[in-house]
Amino acid sequence: MRQGLSVIFGFFETAAMPILDSSQSDFFDSRGYLLIDDAVDAGLLRALRRQFADWIEESRGHSRPWGETLDGRARFDLEPGHGRERPALRRVNAPTDISTDYYRAMRDSRIADYVAALIGPNVRFHHSKINSKLPGSATAVKWHQDFPFTPHSNDDLVTALLMLDDVTDENGPLQVLPESHRGEIYDLWHDGVFTGAVADELARDCQPRAVDCTGKAGTLCLMHTRLLHGSAPNRSSRPRTLFIAVYSAEDAVPCAPSPVPCRHQGEIVRGTASGRIRAGRFDIPLPQMPASASFFDQQARTARES
Ligand SMILES: O=C(O)CCC(=O)C(=O)O
């Protein structure tokens, strides 16, 4: 009987246990990001990795970006220099539209639970993508904040980046500038060109204070939409692949079209719809939609080229 009761109490304790403890939530609030080990089940991680490996194999048969997303742009983006022998698939847009495993990871895994613990209880999905840096690839991500790409009525948005490979200091980890989510929202337009990156002087200033987000495959980085971040090229012989899903508080209403339109945009993934809009106070320029498959081409533009 005693044992039976403790099993019952144990169940209620487990059921009531918050998915993030207060030190984790406080860390996210103060630093603007949070790393969580083993964030998804091993079977799901294997399925995501297997699917991505299949897409790399498929990429060998293509010499230019291919596939089509909702708005007609290419789904699969290739880095210049890509070839059959040395594939350089660098971006899959909206994988949740074409893979039930990626959709499951976005909606049914603990990823959405962690996000709900930070900005919920009511949470909407916004968009997803895979960013890959295969060995030898030159792809880097210039310093930026996500919010100017996806402005909403308030800034309760979280970018969730799931490591599909082990990420080390050598293979181009995400780099973040802690506490920068509390500062200003920076302009990504320079001399009339939307470069998708902050000014060079600011980027130079961020670099020495940057924190590398490294971890084993299955580690999740939860990042506030206003946190400054970027990443360097992969200097190793090992791939670096991230599944990236962006979520918003349910009452944050988009102010611009999504840069990665997808079938499930706006879907409530946790909680319910309140039918309300919550507004923050900011005054920022609208973004420009990328003309090609991904923002890597936008970031390759400089003000001088306009
Ligand atoms: O792939 C990365 O290292 C960073 C991704 C990123 O910042 C983005 O896609 O907005």
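Restricting to segment 36-48, give me the number of residues that are in a helix (DSSP H, G or I) and crowded, with 17+ Cβ neighbours inside 10 Å.
Counting residues in segment 36-48 that are in a helix (DSSP H, G or I) and crowded, with 17+ Cβ neighbours inside 10 Å gives 4.
Going through segment 218-252 one residue at a time, which ones are within 10 Å of the ligand (Cβ to nearest atom), small (G, A, S) and surrounded by 24 or more Cβ atoms within 10 Å (Cβ to Cβ)?
Once the filter is applied, which keeps residues that are within 10 Å of the ligand (Cβ to nearest atom), small (G, A, S) and surrounded by 24 or more Cβ atoms within 10 Å (Cβ to Cβ), segment 218-252 yields only S231.
Can you name the residue in segment 95-124 that is out of contact with any Leu (no Cβ under 7 Å at 6 or more places or on another chain) and within 16 Å of the ligand (Cβ to nearest atom) and, of all such residues, is farthest from S292 (Cα to Cα)?
Going through the qualifying residues, I end up with M106.
If I ask for residues that are of a type in the set (F, W, Y) and either surrounded by fewer than 22 Cβ atoms within 10 Å (Cβ to Cβ) or part of a strand (DSSP E or B) (or both), which ones from segment 97-129 would you list?
Once the filter is applied, which keeps residues that are of a type in the set (F, W, Y) and either surrounded by fewer than 22 Cβ atoms within 10 Å (Cβ to Cβ) or part of a strand (DSSP E or B) (or both), segment 97-129 yields Y103, F125.
Out of V211, V193, V198, V167, which single residue is β-branched (V, I, T), crowded, with 24+ Cβ neighbours inside 10 Å and either in contact (Cβ under 8 Å) with a residue 24 or more places away in the chain or away from the ligand (no atom under 11 Å from the Cβ) (or both)?
V167
Does segment 130-157 hold any residues that are in a strand (DSSP E or B) and either surrounded by fewer than 22 Cβ atoms within 10 Å (Cβ to Cβ) or within 13 Å of the ligand (Cβ to nearest atom) (or both), and which are they?
Selection gives I130, N131, S132, K133, V141, K142, W143, H144, L157.
Cβ-Cβ distance below 9 Å, separation of 6 or more or different chains: which pairs start in segment 100-115 with a residue that is within 15 Å of I130 (Cα to Cα) and end on one that is of a type in the set (K, R)?
D101/R50
Given (1) at pLDDT below 95; (2) surrounded by fewer than 19 Cβ atoms within 10 Å (Cβ to Cβ); (3) touching a strand residue (DSSP E or B) at 6+ places or on another chain (Cβ under 7 Å); (4) of a type in the set (A, V, I, L, M, F, W, C), identify the lone condition not met by I268.
(1)
Being touching a residue at least 12 places away in the same chain (Cβ under 8 Å), in contact with a helix residue (DSSP H, G or I) (Cβ under 9 Å, 6 or more places away or on another chain) and in a loop (DSSP other than H, G, I, E, B) is true for just one of P233, P178. Which residue is that?
One residue alone meets the criteria, P178.
Looking only at segment 162-193, count every residue that is under 12 Å from T214 (Cβ atoms) and aliphatic (A, V, I, L, M) and tell me the total.
Here the count works out to 4.
Checking P259 against (1) surrounded by fewer than 20 Cβ atoms within 10 Å (Cβ to Cβ); (2) farther than 25 Å from T272 by Cβ, which single condition isn't satisfied?
Only one criterion is unmet by P259, namely (1).
Among the residues of segment 181-230, count how many are farther than 25 Å from R301 by Cα, among the β-branched types (V, I, T) and assigned to a loop (DSSP other than H, G, I, E, B).
Of the residues in that region, 2 qualify.
The values are calculated or read from the model by the stated rules, or taken from the named source; none is laboratory data. From a predicted model like this one, the values you see are computed outputs, not experimental measurements. Cβ coordinates were reconstructed from backbone atoms using ideal geometry, including for glycine residues, and neighbour counts include every protein chain displayed.
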